[in-house]
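Right, one structure below, let's go through it.
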Amino acid sequence: MISLAGRDILHAWGKFIFTGVGLGLLIGVTLTMAGVYRGMVDDGRVLLDNSGADLWVVQRDTLGPYAESSSIPDDLWRSIRTMPGVAQAANVTYLTMQVGRGEAEPGGARVDVRAMVVGIAAGGPGTPGWPPQLAAGRQITRGHYEAVADLASGLRLGEVVKIRRNHYTVVGLTRRMVSASGDPMIFIPLKDAQEAQFLKDNDAVLMQRRRSEANPAFNRPGVPGLLDAVIAAQTSNPSVNAVLVRIRPGYGVEEVAEPIRRWQRVTVYGRAQMEEILVGKLIATSAKQIAMFLVILAAVSAAIVAFIIYTLTMDKIREIAVLKLIGTRNRTIAAMILQQALVLGVIGFVVGKIAATFAAPLFPKYVLLVPIDSIIGFCVVLAICVLSSIVSIRLALAVDPAAAIGG
Amino acid sequence: MAGQGIRIEGLSKRYGKGETAVLALKDVNMHVDPGEVVGLIGPSGSGKSTLLKCLGAVIDPTAGRMLLGDELVFDNGWKVRDLRALRRDKIGFVFQAPYLISFLDVTDNVALLPMLAGVPNDAARTRARELLAALDVQHRASAMPAQLSGGEQQRVAIARGLVNRPPVILADEPTAPLDSVRALSVIRILNDMARRFETAVIVVTHDEKIIPTFKRIYHIRDGVTHEEAGEGRSL
């Protein structure tokens, strides 16, 4: 028996191809949306992986340092370092901001890039918080004004970036070092980062001093040196966002975390908890948003397939009547319609997969296309095609063979 | 194969129930022998289409008997179990418009019926090509229906009607869209095929050009048939 669906598709191949391409672009958008979600999750995991930490010590009762702001003293790491099971402990700061590129043209606007500025403690590669490997250049070796930037920032080796009032020379480049929201990271020395978080411009500093001088609580006639101490405290920043801790082999996460919580009056998260914060809380709203888009796109795809198959079936009503009159089984006719819907789905999926694969690198944020999403997507597309063809099959089976006979 | 052509006795068909019931066919008797071509003529609303649908086993008569070949199809409320297979194997249809399947080429349009009956594709196509040759359209065997002239399409439709060697062919206004030369050509083909394959052919028509060619004609009016001799003009 010949394939009626195959012959019809070959006969009207243009209609099928163009419809399949249209459907495929829609499926491509759907796969890309799923890839955006996967990319966000992966960005979060990569962020945790690259931090090199087993524990994140943050301000008590906060979800810091990525999902909430957290501020802890910058000397806390010393006492944490001495606790049982702690192999390494290092301060770190995170600040998402606009980073200026190069010098502004006279009268022109400065080109800037949104980045997460990471302040890393003095040390070297292997210290928690440091980029684990570089794609080009070298690690930071000076105490000030050097930076290592992620390739996604578009910065190049030797380029000068401006963070607040200070200029930094890019000495190294990393790959896939991004924040949970996909912003590229720029690593600078911790002291510079602390200053950047709280540094004010000259006018603001002067106004702050005036206020302090005018405050009788700080400027007491009988207490010399108090005002200077207050002003010094106001212009320095002895805080960091978190302490990253690497634990010794043989120690369990809770075994090390619990004493730190108890004795340092801080909150300590392990890897699993931090992943839950990033995936379950930080990107949860975005994930729901994407899920809604996926549902809408699936509904639109179903409507398109149903409409096209319905139209194709309506175009063949007379032929279906003839087929039934000359003795074609209902299941042969149903199979013809179902196969056409499935072929449309397969064409659409192939086009969509190709479109998503080529489009993914063009997106500003990381789009991660994973095989399981493609497999699920393919099954969903086939299911949509089967469901969409039901209306047309019912229509075809309801055709009276007598319709082929005039009168 | 041929058996006794087609024979109906006391066939009636009622649409609806109660006061709104319409009796479309009233005690119709008819027979067409193998190899014979008869005309079925009547004005619009006379019951032609209803009779054709009963003969084509598309609708069930309310009463009466019908035999196709040597097989009893309807008998006062009883009917053969698989009407679909009966239509496929025992009845050939030729329509006013050819209604060829637009996405199949000429050969497969004809070969589709034997394929549906389980004949292997190659054998079905061989059978189709033989018929196309008999109907002088073998040179268009690979063409798509849209590439054929009206006359060629109708000959392909006749080949499709004949391909399963049915004992009966029902032709519904087969010459309506054709000019007189082609119309007479189609009737000549139907007569040739009827003789060659021992097939009973019933031609429903309004076409004045072809009515004189029938040796026997059934007139139908208000659901009642009357048989009369035709001119049997030579083709």
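The values are calculated or read from the model by the stated rules, or taken from the named source; none is laboratory data. It should be emphasised that the depicted structure is a prediction, and the values quoted were computed from it without experimental measurement. No Cβ is skipped: glycine too gets one built from the backbone with ideal geometry, and neighbour counts run over all protein chains shown.
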Restricting the range B:86-113 to residues that are more than 7 Å from every other protein chain (Cβ to nearest Cβ) and outside any helix (DSSP H, G or I), the one surrounded by the most Cβ atoms within 10 Å (Cβ to Cβ) turns out to be B:Gly92
Every listed condition ((1) crowded, with 20+ Cβ neighbours inside 10 Å; (2) modelled with pLDDT of 90 or more; (3) closer than 30 Å to A:Thr357 by Cα) holds for A:Arg114 save (1)
Can you tell me how many residues within the range A:392-403 are at pLDDT 90 or above, assigned to a helix (DSSP H, G or I) and among the hydrophobic types (A, V, I, L, M, F, W, C)? 4
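One line per residue, one yes/no per condition, for (1) touching a helix residue (DSSP H, G or I) at 6+ places or on another chain (Cβ under 9 Å); (2) among the small types (Gly, Ala, Ser); (3) under 24 Å from A:Ile247 (Cβ atoms):
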site: A:Met40; (1), (2), (3): yes, no, no
site: A:Asp61; (1), (2), (3): no, no, yes
site: A:Ile72; (1), (2), (3): yes, no, yes
site: A:Asp75; (1), (2), (3): no, no, yes
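Taking the stated definitions as given, is A:Pro106 modelled with pLDDT under 90, more than 21 Å from A:Ala152 (Cα to Cα) and not small (Gly, Ala, Ser)?
yes
Residues checked against (1) over 30 Å from A:Pro364 (Cβ atoms); (2) not assigned by TED's automatic domain parsing to the domain that holds A:Ala383:
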{"site": "A:Ile17", "(1), (2)": "yes, no"}
{"site": "A:Val21", "(1), (2)": "no, no"}
{"site": "A:Val29", "(1), (2)": "no, no"}
{"site": "A:Gly39", "(1), (2)": "no, no"}
{"site": "A:Pro65", "(1), (2)": "no, yes"}
Can you tell me which residue in the range B:1-59 is surrounded by the most Cβ atoms within 10 Å (Cβ to Cβ), limited to those that are part of a loop (DSSP other than H, G, I, E, B), touching a residue at least 60 places away in the same chain (Cβ under 8 Å) and of a type in the set (D, E, K, R)? B:Glu36
Being among the hydroxyl-bearing types (Ser, Thr, Tyr) and within 14 Å of chain B (Cβ to nearest Cβ) narrows it down to one residue among A:Ser3, A:Ser79; which is it? A:Ser3
Per the filter on the range A:219-262, residues in a helix (DSSP H, G or I), in the same structural domain as A:Trp130 (by TED's automatic domain parsing) and touching a residue at least 24 places away in the same chain (Cβ under 8 Å) are A:Val253, A:Glu255, A:Val256, A:Ala257, A:Pro259, A:Ile260
So which of A:Ile354, A:Ile372, A:Ile347 ends up being away from chain B (no Cβ under 14 Å) and over 24 Å from A:Ile308 (Cβ atoms)? A:Ile372
Qualifying residue in the range B:184-191 (condition: closer than 18 Å to B:Val32 by Cα, basic (Lys, Arg) and within 13 Å of the chain's Cα centre (by Cα)): no
Restricting the range A:394-407 to residues that are in contact with a helix residue (DSSP H, G or I) (Cβ under 7 Å, 6 or more places away or on another chain) and without any contact (Cβ under 8 Å) to a residue 60 or more places away in the chain, which is nearest to the other protein chains (Cβ to nearest Cβ)? A:Gly407
Those strands (runs of 3 or more DSSP E) completely within the range A:138-189 that have 3 or more residues that are surrounded by 20 or more Cβ atoms within 10 Å (Cβ to Cβ) are A:146-150, A:166-174, A:185-189
